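Written below as structure tokens is the structure these notes are about.
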């Protein structure tokens, strides 16, 4: 499995700060992929893939209504309602969603499905056919409530094209070299293949493929049922209310809409990289332990698309679950417990206006200092840095 792990940086200035992984892997990309402009397609997409990308963008921006299957309860009326950013579709506009549940005295977690959990649909389609559909509210029994910041989708096709074995190998490398911060791959169900797979999408790594990530967002954020997730959300957990659903049955019966939206994300390029400042920032990033989890380079596997075929990319994430202690959201979801969070990619960091899973801060230093659990050693080393070194490290992060 080690041969799948990314092992090179292709001349990036920050590579001097990254550990040489060539001793544990032989995987090398045929070329390097960097973003050019926010919202642009991946380099070297074919003409056919470019057409799929453009058609997918139309679907991604498509505003739905009750007649086209929206709701009855939802979070937004289009994918772009949460993923619109400074003129470029695909980022995060800072939209916060809420997850909730009940932690029982024995420590087990109840997602409160019968009361509309674990996600609060905070919007609804209103008065349709004489029925007034209203947003959900938090049930009084919920004793665990967490905000979730919507995430950028730039470059996710590269993550999707990375073999499961890569993430398994990264976890093994961490176990051997950095056992104190070693993460673990989330093991979740690929509903299309009906097989276990490595989760990589979402704050808790609950979805293993980009298609399933899209399908989940269709039903949970917009109420658009589809072949992967055919069951409608019961408003506030009241499934009897769906007898009056103005758009019963599958809202995307052949899955073509979710497939098209997935195409947009599959071929959407990663964020453009700023110029690395001439400072010790890259070295400090590695020295204090950030690089062990925020892994700079990964390599995709073989793909029929030249844009995704065995290329190196730089997300600054291992996409593994880590115990973050008090920084965790306390929600059990998928394979992740309440303390575990998937390492968020750092690419595009300068253009994110809210940071961490709950968007609690806009300040990079504050985000680092909020790390806990397995992130605590790096946090403490960062806190102990002299002012000049801390400034150099922050300048480096602002170049990602």
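The values are calculated or read from the model by the stated rules, or taken from the named source; none is laboratory data. Bear in mind that the values here come from a model prediction, so they are computed numbers and not experimental data. All Cβ positions, glycine included, derive from the backbone under ideal geometry; neighbour counts span all protein chains shown.
Quick notes
- Pairing each residue of the range 287-301 that is farther than 20 Å from residue 379 by Cβ with any residue that is at pLDDT below 95 and surrounded by 22 or more Cβ atoms within 10 Å (Cβ to Cβ), provided the two are 6+ apart or on different chains, yields C-beta distances under 7 Å for 297/6; 298/6; 299/6; 299/27.
- Top-ranked residue in the range 239-258 [being in contact with a helix residue (DSSP H, G or I) (Cβ under 9 Å, 6 or more places away or on another chain) and in a loop (DSSP other than H, G, I, E, B); ranked as surrounded by the fewest Cβ atoms within 10 Å (Cβ to Cβ)]: 248
- Flag for residue 171 being at pLDDT 95 or above, touching a helix residue (DSSP H, G or I) at 6+ places or on another chain (Cβ under 9 Å) and in a helix (DSSP H, G or I): no
- Inspection of the range 340-359 finds no residue satisfying the criterion of being within 27 Å of residue 276 (Cβ to Cβ), surrounded by fewer than 18 Cβ atoms within 10 Å (Cβ to Cβ) and at pLDDT 95 or above.
- Candidates 273, 280 - the one that is in contact with a helix residue (DSSP H, G or I) (Cβ under 8 Å, 6 or more places away or on another chain), under 21 Å from residue 396 (Cα atoms) and at pLDDT below 95: 280
- When the range 105-128 is limited to residues that are exposed (fewer than 15 other Cβ atoms within 10 Å of the Cβ) and out of contact with any helix residue (DSSP H, G or I) (no Cβ under 7 Å at 6 or more places or on another chain), the one that is farthest from residue 316 (Cα to Cα) turns out to be 127.
- Test set (1) over 30 Å from residue 159 (Cα atoms); (2) within 25 Å of the chain's Cα centre (by Cα) - residue 243 fails condition number: (2)
- Among residues of the range 153-173 that are more than 18 Å from residue 306 (Cβ to Cβ), those with a beta-carbon under 6 Å from a residue that is at pLDDT below 95 and part of a helix (DSSP H, G or I) at least six positions away or on a different chain give the pairs 165/4; 166/4; 169/2; 169/4.
- When residues of the range 46-65 are limited to those that are part of a loop (DSSP other than H, G, I, E, B) and within 23 Å of the chain's Cα centre (by Cα), the one surrounded by the fewest Cβ atoms within 10 Å (Cβ to Cβ): 63
- Residues in the range 322-335 that are crowded, with 24+ Cβ neighbours inside 10 Å and either closer than 20 Å to residue 347 by Cβ or in contact with a helix residue (DSSP H, G or I) (Cβ under 8 Å, 6 or more places away or on another chain) (or both): 1 in all.
- Top-ranked residue of the range 135-165 - restricted to ones that are touching a helix residue (DSSP H, G or I) at 6+ places or on another chain (Cβ under 6 Å) and not in a loop (DSSP other than H, G, I, E, B), ranked as surrounded by the fewest Cβ atoms within 10 Å (Cβ to Cβ): 165
- Residue 70 being under 18 Å from residue 256 (Cα atoms), crowded, with 21+ Cβ neighbours inside 10 Å and modelled with pLDDT of 95 or more: yes
- Unique residue being part of a loop (DSSP other than H, G, I, E, B), more than 19 Å from residue 149 (Cβ to Cβ) and touching a helix residue (DSSP H, G or I) at 6+ places or on another chain (Cβ under 8 Å) when the list is 318, 389: 318
- Residue selected from the range 87-97 under the condition touching a strand residue (DSSP E or B) at 6+ places or on another chain (Cβ under 6 Å) and not in a loop (DSSP other than H, G, I, E, B), by the criterion farthest from residue 362 (Cα to Cα): 97
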